[in-house]
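Enquirer: One structure follows; several queries about it will come next.
Coordinate-derived values only; no laboratory data. Because the structure is a prediction, the values reported are computed rather than measured. Cβ placement follows ideal geometry from the backbone for every residue including glycine, while neighbour counts extend to all protein chains displayed.
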Amino acid sequence: MNNAAIVPNTEAVARKCYANTFDKRVVVNNLRSIVVEAIVSAMLPDWRWCAHDWAGWDFEHSDGHRLEVKQCAALQTWESDKPPRPVYDIRERTGYHDNHGWTAQKGRYAHAYLFGYHPNVTPEADHRDAWQWEFYLVATSALPNSRTISLKHVNLLTTAFQVAELPARVREFRSSLQP
């Protein structure tokens, strides 16, 4: 028997993975960050998308600025009587991994945090639709010394903007920060 005939090729496996995870309106929490980062990557082509396991930040500009992306959504893949309270993980990390290996250093490594919130809970809600997201840009230095931050607290630090404003907001914000 020829085993190659029953083993799927890499492209078939990739298609099945995509169909099972990202070809749905509502994306599960642990994979939704990839969707938001892909949106940010498309809007900020001059930034390198460098997110991976144990990375210290998600995007890096050639001038040295670093951006961390956090997201949450009102509509979840699991049923709930009401949307979960929007909260983001902002705790300091114990280190990070990059092209040079592991750096053991406690802190927050990005210069700014980009918070994404998807408020839509209607049948038209689609986490893949960039226009349905709200974004908030906050300097890391403005974040509280806590493990999490609520959307309510983020709103006290800055105002929401739509995806089309992302390049201009990040460019303006970047010019006000020291890398």
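Enquirer: So what is the calculated 222 nm ellipticity per residue for the chain, using -39500 (n - 2.57) for each DSSP H run with n of 4 or more, over all residues, to the nearest 500 deg cm²/dmol?
Expert: Values: 4 runs with 44 residues, N = 179.
After summing the helix terms and dividing by the residues of the chain, the value is -7500 deg cm²/dmol.
Enquirer: Can you put His100, His111, His61 in order of Cβ neighbours within 10 angstrom, beginning with the fewest?
Expert: On the way: His100 6, His111 21, His61 17.
Ranking His100, His111, His61 by Cβ neighbours within 10 Å, fewest first, gives His100, His61, His111.
Enquirer: How big is D, in µm² s⁻¹, for the stretch 26-175 by Stokes-Einstein at 20 °C and 1.002 mPa s if Rh is the Kirkwood radius over C-alpha pairs?
Expert: Numbers: Rh = 15.9 Å.
Calculated translational D: 135 µm²/s.
Enquirer: Using a simple charge model, +1 on the beta-carbon of Lys and Arg, -1 on the beta-carbon of Asp and Glu, nothing else, what dipole does the chain show about its Cα centre, in debye to the nearest 20?
Expert: Details: 20 positive and 20 negative charges, 82 e Å.
My answer is approximately 400 debye.
Enquirer: Same structure, new question: Given a 10 angstrom Cα cut-off, can you work out which residue in Asp126, Asp58, Asp23 is the most mobile in a GNM of the chain?
Expert: Between Asp126, Asp58, Asp23, it is Asp23 that shows the largest mean-square fluctuation.
Enquirer: What's the whole-number percent of alpha carbon pairs in the stretch 87-167 lying beyond 14 angstrom? Intermediate values should be presented prior to the final figure.
Expert: Working: 2195 of 3240 pairs.
That fraction is 68 percent.
Enquirer: Determine, for Cys17, Cys72, Cys50, the number of other Cβ atoms within 10 Å of each Cβ, and report the residues in order from fewest to most.
Expert: Numbers: Cys17 11, Cys72 23, Cys50 15.
Result, fewest neighbours first: Cys17, Cys50, Cys72.
Enquirer: While we're here: Net charge around Glu92, counting only other residues with Cβ within less than 11 Å of its Cβ (Lys, Arg = +1; Asp, Glu = -1)? List each step's numbers first, then the result.
Expert: Details: positive: Arg91, Arg93, Lys106, Arg108, Arg147; negative: Asp89.
Taking every other residue near Glu92 into account, the sum is +4.
Enquirer: Specify the angular offset, from 0 to 90 degrees and rounded to the nearest 10, of the alpha carbon long axis of helix 29-43 from the longest principal axis of the alpha carbons in the chain.
Expert: 70 degrees
Enquirer: Lysines near Lys24 by alpha-carbon distance under 18 Å, same-chain residues fewer than 8 away left out - which ones?
Expert: Hits, sequence-local ones excluded: Lys16.
Enquirer: Sequence neighbours fewer than 8 away in the same chain don't count; with that in mind, list the lysines whose C-alpha is under 18 Å from Lys70.
Expert: List returned: Lys152.
Enquirer: Which one of Arg128, Arg15, Arg25 has the biggest mean-square fluctuation once the chain is modelled by GNM with Cα springs under 10 Å?
Expert: Arg15
Enquirer: Separate question: Pick from Ala12, Ala55, Ala110: which residue has the top mean-square fluctuation in a GNM of the chain where Cα pairs under 10 Å get a spring?
Expert: Answer for the Gaussian network model of the chain: Ala12.
Enquirer: Can you compute the charge dipole magnitude of the stretch 59-149 about its Cα centre, using +1 on each Lys and Arg Cβ and -1 on each Asp and Glu Cβ, nothing else charged? Give it in debye, rounded to the nearest 20.
Expert: On the way: 10 positive and 12 negative charges, 98 e Å.
The calculation lands at about 480 debye.
Enquirer: Which of Pro123, Thr94, Pro83 sits closest to the plus end of the dipole of the chain, meaning its Cα is farthest towards the positive end, when Lys and Arg get +1 and Asp and Glu get -1 on the C-beta?
Expert: Thr94
Enquirer: Exactly which GluC sites (Glu not before Pro) in the stretch 51-148 are in a DSSP loop and have at most 11 other Cβ atoms within 10 Å?
Expert: Values: sites: Glu60, Glu68, Glu79, Glu92, Glu124, Glu134; in loops: Glu79, Glu92, Glu124.
Sites meeting the loop and neighbour criteria: Glu79, Glu124.
Enquirer: Could you tell me which residue out of Thr10, Ser176, Asn145 lies farthest along the dipole of the chain toward its positive end? Charges go on the beta carbon: Lys and Arg +1, Asp and Glu -1, centred on the Cα centre.
Expert: Sorting the options by dipole projection puts first Asn145.
Enquirer: Which of His97, His153, His118 comes first, and how do the rest follow, when ranked by fewest Cβ neighbours within 10 Å? Don't skip to the answer; put the middle values down first.
Expert: Details: His97 13, His153 16, His118 23.
Neighbour counts put them in this order, fewest first: His97, His153, His118.
Enquirer: Given a cut-off of under 8 Å on Cα pairs at least six residues apart, what relative contact order in percent is computed for the chain? Walk me through the intermediate numbers first.
Expert: Working: 279 pairs, mean separation 37.5, N = 179.
Computed value for the chain: 21 percent relative contact order.
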